[in-house]
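Single-structure report; data block below.
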Amino acid sequence: ILRGTKLETCDRSNLGRITQERVPGHIAVEQHARLMLVGNSGAGKTKFLHYLATQCAEGKFQPHRIPILIQLRHFANATEQPEFLAYIAQSFQTFGVENADTKVAELLDRGEALLLLDGLDEVCDRHLAHVLNQIHDLSDRAASSWIVVTCHTGARDRFLAAFTAAEVVDFKASDIAKFVHGWFKSENLAKAQRFVQLLESNKPARRLSTNPLMLKLLCQVFQENVTLPT
């Protein structure tokens, strides 16, 4: 993640002139209570929020908070356009929490929530104003809680000015090698090494491999065919 990225430079075509420091994602979240996480399709934004939620629930990241992960497209399409508090309370009730409305309100007011709002770019235009208003209201209401919002890099009109922007950057060679060895370790090291060698000689595949989702698909192709397409 590039920390402190200016919103106008959050574009893959501009990456060459972005000079902000690379930091691990969880560090960026730890340092910014209001974080706007932007990136291209397949960059791993949703996976990262799932990781944060799991780590928080297991007490390994911000253990004093309760993770609340919301797919914004589902919230936007919910019947009768509810407020976030009611929407979250309804989810709590599904899991058998009594007096959910009161408990959610207390959770937010005490700053004990880690709110993970995924996919602002996936909200349809007719619901966008409602969702943006709700995010701003939630940010004011849960002043001491942490909020992370994800959005596609191309949806510039949806970037939240009050949030610190950070961009999920492409994999470096070391990231690719680590991913590949993790993918193939259940089989053998030689297969992982062969895959990395093929990437080095296959420019189109190497360009694709900087995107986590594309790299996963390349690994699957190689696993089935023991080669990469030209």
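The values are calculated or read from the model by the stated rules, or taken from the named source; none is laboratory data. Since the structure is predicted, the reported quantities are computational estimates derived from the model, not experimental observations. Cβ sites come from the backbone with ideal geometry, for glycine too, and all protein chains shown count toward neighbours. Protein only, heavy atoms only, side chains kept; ligands, DNA and RNA dropped before computing areas. Shrake-Rupley method; radii C 1.70, N 1.55, O 1.52, S 1.80 Å.
Rank Trp183, Trp146 by accessible area, highest first, at a 1.4 Å probe radius?
Ranked from most to least accessible, the order is Trp183, Trp146.
Taking 0.36 nm per residue of separation and subtracting the Cα-Cα distance, what length does fully extending His181 through Ala129 add?
That pair, His181 and Ala129, stretches by 14.3 nm at full extension.
Tell me, what is the Rg over Rh of the stretch 8-144, with Rh the Kirkwood radius over Cα pairs?
Using Cα coordinates only, the ratio equals 0.98.
Please get the size of the charge dipole for the chain, origin at its Cα centre, with Cβ charges of +1 on Lys and Arg and -1 on Asp and Glu, quoted in debye to the nearest 20.
That gives the chain a dipole magnitude of about 1140 debye.
Rounding to the nearest 20 debye, state how big the charge dipole of the stretch 80-132 is about its Cα centre with +1 on each Lys and Arg Cβ and -1 on each Asp and Glu Cβ. Please report the intermediate quantities before stating the final value.
Numbers: 3 positive and 11 negative charges, 16 e Å.
Using Cβ point charges on Lys, Arg, Asp and Glu, the stretch 80-132 gives about 80 debye.
Could you tell me how far the Cα centroid of the stretch 90-113 sits from the Cα centroid of the stretch 34-77, in Å?
Taking the Cα centre of each part, the stretch 34-77 and the stretch 90-113 sit 18 Å apart.
Can you tell me which of 133-144, 211-222 comes out highest on packing, and rank the rest after it, using the mean Cβ neighbours within 10 Å?
By packing density, highest mean first, the sequence is 211-222, 133-144.
Taking the alpha carbon gyration tensor of the stretch 89-169, what are the square roots of 5 times its eigenvalues, largest first, to the nearest whole Å?
Values: eigenvalues 130, 44, 28 Å².
Three semi-axes, in Å: 25, 15, 12.
Can you count the Lys pairs in the chain whose Cα atoms are under 16 Å apart, with each pair 8 or more apart or on different chains? Working shown, then result.
On the way: Lys45/Lys216; Lys47/Lys216; Lys172/Lys203; Lys172/Lys216; Lys178/Lys191; Lys178/Lys216; Lys185/Lys216; Lys191/Lys216.
For the chain, the number of qualifying lysine pairs is 8.
Can you give the three extents of the C-alpha atoms in the chain along their principal axes, from longest to shortest, in whole Å?
Here the Cα extents, ordered largest to smallest, are 58, 39, 32 Å.
So what is the relative contact order for the chain, in percent, with contacts set as C-alpha pairs under 8 Å and at least six apart?
Working: 320 pairs, mean separation 63.1, N = 230.
With pairs under 8 Å counted, the relative contact order is 27 percent.
With everything on Cα atoms, drop me the angle between helix 212-225 and the longest principal axis of the chain, reported from 0 to 90° to the nearest 10.
With rounding to tens, the tilt is 40 degrees.
Multiply the residue separation of Ala155 and Gln90 by 0.36 nm, subtract the distance between their alpha-carbon atoms, and state the gained length in nm to one decimal.
Length difference between fully extended and current span is 20.5 nm.
Ignoring everything except DSSP H segments at least 4 long, calculate the 222 nm mean residue ellipticity for the chain; use -39,500 (n - 2.57) per segment, divide by total residues, nearest 500.
-14000 deg cm²/dmol
Report the one residue of Leu120, Ser145, Val97 whose Cα lies farthest in the direction of the positive end of the charge dipole of the chain (charges on C-beta: Lys and Arg +1, Asp and Glu -1; origin at the Cα centre).
Leu120
What is the angle, in °, between the Cα long axis of helix 189-201 and the longest principal axis of the Cα atoms in the chain? Nearest 10 is fine, range 0 to 90.
80
If you average 1/r over every pair of different alpha-carbon atoms in the stretch 136-216 and take one over that average, what Kirkwood value in Å do you get?
On the way: mean 1/r = 0.0638 Å⁻¹.
About 15.7 Å for the stretch 136-216.
Treat every Asp and Glu Cβ in the stretch 21-139 as -1 and every Lys and Arg Cβ as +1, leave all other atoms uncharged, and give the resulting dipole magnitude about the Cα centre to the nearest 20 debye.
Dipole about the Cα centre, nearest 20: 400 debye.
Which residue, His64, Gln223, Leu213, has the largest displacement toward the positive end of the dipole of the chain when charges sit on each Cβ (Lys, Arg +1; Asp, Glu -1)?
So the residue we want is Gln223.
If you count, for each residue, the other Cβ atoms within 10 Å and average over each peptide, how do 193-202, 149-158, 122-131 line up from highest to lowest?
Ranked by mean Cβ neighbours within 10 Å, highest first: 149-158, 193-202, 122-131.
Go through Gly42, His32, Gln81 and say which Cα lies farthest out towards the positive end of the charge dipole of the stretch 15-89; charges sit on Cβ, +1 for Lys and Arg, -1 for Asp and Glu.
Sorting the options by dipole projection puts first Gly42.
Quickly rank 38-44, 89-95 as a protection proxy: mean count of other C-beta atoms within 10 Å, highest first.
38-44, 89-95
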